[in-house]
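The values are calculated or read from the model by the stated rules, or taken from the named source; none is laboratory data. None of these values were measured; they are calculated from a predicted model. Note that we place each Cβ from the backbone using ideal geometry, even for glycine, and neighbour counts take in every protein chain shown. These area figures cover heavy atoms from the full protein model, side chains too; ligands, DNA and RNA do not enter into them. Shrake-Rupley method; radii C 1.70, N 1.55, O 1.52, S 1.80 Å.
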Amino acid sequence: MSGRFQVVVCFLIERDRQVLLLKRTMSKDEAPGQWETGSGRVEQGESAIQAVVREAREETGLEIEVVAPLDTFHFYRGPLREETIAITFHCRATGGRLVLSSEHDEAKWVPREHLDKLDTLPEWVQRALRLFLRRRAS
């Protein structure tokens, strides 16, 4: 085993007491058709913060500010089962207009009070939403 792994950033974007959810296109190699908060790989020479700002802009058209890290998790990505470490960040939309990239085919803003009722989301998204809600309550 080479000890190599990739790093992915996930963004949970909040705006006006709502959180943005995105539906992955069916052509994606990882989790096709699933609703998520958005994610992407950290590129060489890039920090996790730089990557999350870039990925959020590329996938949503929104400008964001990073509020805080929410979670980290380990998984094996795609059909090649690439070992991956993911970092989920709580972000706040600060500008731009929602325009989806080719990675997603639907988007919806979900009111904060409905987030704990979304039990069909992937486990990592549900965990990030629980941590987000817990942080917002304190």
Quiz item: Does anyone have the angle between helix 123-137 and the longest principal axis of the chain? Alpha-carbon axes, 0 to 90°, nearest 10?
Solution: 40 degrees
Quiz item: When the accessible area of the chain is computed with all protein chains present and a 1.4 Å probe, what percentage of it is carbon and sulfur?
Solution: 50 percent
Quiz item: Cα axis of helix 48-60 to longest principal axis of the chain: angle in degrees, 0 to 90, nearest 10?
Solution: 70 degrees
Self-check item: Helical mean residue ellipticity (222 nm; -39500 (n - 2.57) per DSSP H run of 4+; nearest 500) of the chain
Solution: -6500 deg cm²/dmol
Quiz item: Could you give the dipole magnitude of the chain about its Cα centre, charging the beta-carbon of Lys and Arg +1 and that of Asp and Glu -1, in debye to the nearest 20?
Solution: 380 debye
Quiz item: How much accessible surface does Lys108 have with a 1.4 Å probe, in Å² rounded to 10?
Solution: 90 Å²
Exercise. Taking H placed 1.01 Å from N in the peptide plane, check which residues at least 5 places from Thr37 or on another chain put their amide H under 5 Å from its amide H.
Key: Leu22
Exercise. Report the chymotrypsin sites (Phe, Trp or Tyr not before Pro) located in the range 1-58 that are in a DSSP loop and have at most 14 other Cβ atoms inside 10 Å of their Cβ, or state none.
Key: Phe5
Self-check item: Tail weight of P(r) past 17 Å, computed on alpha-carbon pairs of the range 1-124, percent
Solution: 57 percent
Quiz prompt | Solvent-accessible heavy-atom area per residue, rounded to whole Å², over the range 1-112 at 1.4 Å | solution = 52 Å²
